[in-house]
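Nothing in this text is a laboratory measurement; each read-out follows from the coordinates by a stated rule. What you see is a predicted model, and the numbers here were worked out from it, not measured in a lab. Here the Cβ is made from the backbone with ideal geometry for all residues, glycine too, and neighbour counts use every protein chain on show.
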Amino acid sequence: MDTSLGLLWVLTAILAIIQIVQAQEQTGFISLDCGLPSSESPYEDSTGLWFSSDEKFTQGGKTGRVSENSEGYGKQYNTLRYFPDGLRNCYNLNVEKGRTYLVRASFVYGNYDGRDMKPVLAKANRTVKDMLHNATSNSMQICLVKTGVTEPLISSLELRPMRNGSYITESGSLDRYYRYYLSESNSQIRYSSDIYDRVWDPLFLKGWTQLSTANNVDNSNSYRPPEIALKTAATPTNSSAPLTIRWTSENPDENYYYYAHFSETEDLQANETREFNVSFNGRQYYGPFVPRRGNINTILSTSPVTCDGRECRFQLIRTDRSTRPPLLNALEVYTVIQFPQSETDESDVGAIVSIAETYALSRINWQGDPCVPRQFRWDGLNCSNTDISTPPRITTLNLSSSGLAGTIADAVQNLTRLETLVEGNPRLCLSDSCTKPHKKKIIVPIVASVASAAVVIAVILLVLKKGKPAILQGLHLLPRMSAMNVTFAGKNSRRFTYSEVIKMTNNFQRVLGKGGFGMVYHGSVNGSEQVAVKVLSQSSTQGYKEFKAELNQGDIVEIMDPNLHKDYDFNSAWRALELAMLCANPSSSKRPSMSQVIHEIKECLVCAKSGIGKDLEMEPHEVMSSDTSMVPMAR
């Protein structure tokens, strides 16, 4: 009895160790059963891999199930997700930046819709796309694009992290063309025989002889093909002939990478030698080469190779001193997929995704890369496209009439090339206090500028009184230069020195945005008032500064044309000036209509002709505003 219990304990421990090892081998694996209900997730398939529902990895699509006579490929192929809406629908997966991933997408139509109309990508009963892609960020988007009348669909999506330093290309990603192990077997090899879950198909041609060994083979190198694939090999039956694998390229300009795996399977005598050269389309790429007994060697192309016309020939050619014909255990061939346009700047992508999450935005085309390809650029965005090698930057974020409310997302400050931010969301404001009702009128003062003789700057401060929300109608981001003094003109006018501006912005530390004309910084006054500091360049504000300085003097005589000799109605002049300032408002929604302009001009003319107000006493004029524009008050 004790012996039985002891044996049971040992077996249990062994099983536990096996499960731990398998779990470690699957670290980083992503296996999605598309269309699987979350209530059935996760599950273990026949290979020992764990599959989960895809619900949390894509924002759109509908689920379907293949017909009964299409079942039988495996549980993960019985359900699917199809996308009737939008041109591009994407899966967003967390990955490790800089690592190469095997990406495998499977498509089984299975007449799920009863229309018997297979999509282009699923012309066969089951279609598998298998590629190797290097992650350039910590997020990878796998997208399906609608190209015809049928709806894109997907049955399963799998990601497998490869070993660092493997499958390196000069540029682009690798699309599997062939992945063969040379054997007379009819079985595929994949996980768990292959720890990276690559799928290996058997290949054996006429004129070949199979070699095999029962001995262990050390497959430890960067590629680690499955040991079972290295225990068999093919050699030409005609010992003086080369071992040749041919194929026809669909595109004569196609670029290929190959990875040939070798291990000697025979015990050669002292007077025997197996030596050969590796060539591609008649050009020798490596050799002479002698495979090692019980160990792996991988010979690969470090740069892409092309075929002569459309005919491709991979050959192993015996050397003159060799007594044995060449052999080959396994071969991988990939075509190169180029992505000519650089992906959007990583920090911009993180920021815009965070903004979308903050406001729960669910625009159908806000999937995949925000800026590229250009025809799939997200709605409401404009991006810089200097050249294809430079990551695009987001320059405009237009969320007009999106019904946004609450505070501006912190992630906005990470869009450092932004020129225009938010329009048409009157409930969007600068702090959480916007969610608290307040009876007092909201005031957004404007700060005019006074600078040193050499350098001129205008700084606009959008001040949020403590407990008083500042409603942000539109924020146009303009560049910063330097300043000496800042005059705050508005209700209870205040003056800020340049050092005070530095202090309130913590030395311009937190950027809210940046555009072609300058920058906007976050700050606070006395620790209680949140402010946005808009800094304008000298070239864009010099004339306006001088004109506004005259307005602040309150002397209409200094503004009007001296040739009029003061022969005008002062009140009408102020009304005309106010109208002109309204017409110059940066926001089109705040400019008066043409009918309003005509009406105001007529009123001014009536006043001028009647002489009303000509003898009124003029008081010093102070510019005030409850908006982000500067409008002189009519006298």
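Neighbour counts of other Cβ atoms within 10 Å put Arg115, Arg224, Arg99 in the fewest-to-most order Arg115, Arg99, Arg224. Packing around the peptides 240-249, 157-166, taken as the average count of other Cβ atoms within 10 Å per residue, puts them in this order, highest first: 157-166, 240-249. In terms of its Cα atoms, the range 175-337 spans 45, 40, 28 Å along the principal axes, sorted from long to short.
Arrange Lys118, Lys56, Lys129 by Cβ neighbour counts within 10 Å, fewest through most, would you?
On the way: Lys118 18, Lys56 11, Lys129 15.
Taking fewest neighbouring Cβ atoms as first place, the list is Lys56, Lys129, Lys118.
Ranked for footprinting exposure by Cβ neighbours inside 10 Å, fewest first, Asp387, Asp194 give Asp387, Asp194. Here is the P(r) of the range 22-162: all C-alpha pair distances, binned every 5 Å from 0, give 2, 10, 20, 23, 21, 14, 7, 2, 0 in whole percents.
If you place +1 on the Cβ of every Lys and Arg, -1 on the Cβ of every Asp and Glu, and leave all else neutral, what size is the dipole of the range 287-366 about its Cα centre, to the nearest 20 Debye?
On the way: 8 positive and 9 negative charges, 189 e Å.
Approximately 900 debye in magnitude.
Roughly what % of Cα-Cα distances in the range 264-329 sit above 14 Å, to the whole percent? Percentage above 14 Å: 60.
Test of understanding: express the Cα radius of gyration of the range 343-403 as a ratio to 2.2 N^0.38 Å, with N the residue count.
Values: Rg = 11.2 Å, N = 61, 2.2 N^0.38 = 10.5 Å.
For the range 343-403, the normalised Cα radius of gyration is 1.07.
From the alpha carbon centroid of the range 142-177 to that of the range 178-235 is 24 Å.
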